[in-house]
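Down below is the structure, laid out as structure tokens.
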Amino acid sequence: MANATLSEVRSIYNDVLGRDFDPNRDGWWLNQGAAPADVVRQNVMLGDEYKAKPTGLYNPGGFLTPTPGSAGDTALRGGQVVGGVMYN
């Protein structure tokens, strides 16, 4: 299997980290860390930057709900208005 191309690594960074690939900071994946795109994606997802990324909405069973412990979750459980909808 061929190593990931620059285009593939850029796409992985946008999809997984939500930011542009910076060749000065992230160029390791094209040099010493060269690997197939699926391996690069898996390893980027194991990194500290991905782990520290805000999760947004928590979706354990197909329903979009606020992340447990977030302000939205607290408001939802307290029957407050969230996103223009009254929950009680």
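The values are calculated or read from the model by the stated rules, or taken from the named source; none is laboratory data. Just so you know, these numbers come straight off a predicted model, no measurement behind them. Cβ: placed from backbone, ideal geometry, glycine included. Neighbour counts: every protein chain shown. The protein model used for the area step is the full one, side chains on, heavy atoms only, and it has no ligands, DNA or RNA in it. Shrake-Rupley method; radii C 1.70, N 1.55, O 1.52, S 1.80 Å.
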### Task
Read phi for every residue in region 23-36 and hand back ³J(HN,Hα) as whole Hz from Karplus 6.51 cos²θ - 1.76 cosθ + 1.60, θ = phi - 60°, with x for Gly and Pro.
x, 6, 8, 10, x, 3, 5, 9, 10, 4, x, 3, 7, x
### Query
For region 1-47, what is the convex hull volume of its Cα atoms per residue in Å³?
65
## Note on the structure
The correct ranking of Tyr13, Tyr50 by accessible area at 1.4 Å, largest first, is Tyr50, Tyr13
## Note on the structure
SASA check, Ser70, accessible area w/ 1.4 Å probe, all protein chains in place, rounded to nearest 10 Å², comes out at 40
#### Entry: Area of Asp38 that stays accessible when all protein chains are in place (1.4 Å probe, Å², to 10)
80
### Task
Show Leu17, Leu30, Leu46 ordered by accessible area, largest first, where the area counts protein heavy atoms only and the probe is 1.4 Å.
Leu46, Leu30, Leu17
### Query
So if R0 is 22 Å, what FRET efficiency would Tyr50 and Thr74 give, r being the distance between their Cβ atoms, rounded to the nearest 0.05?
0.25
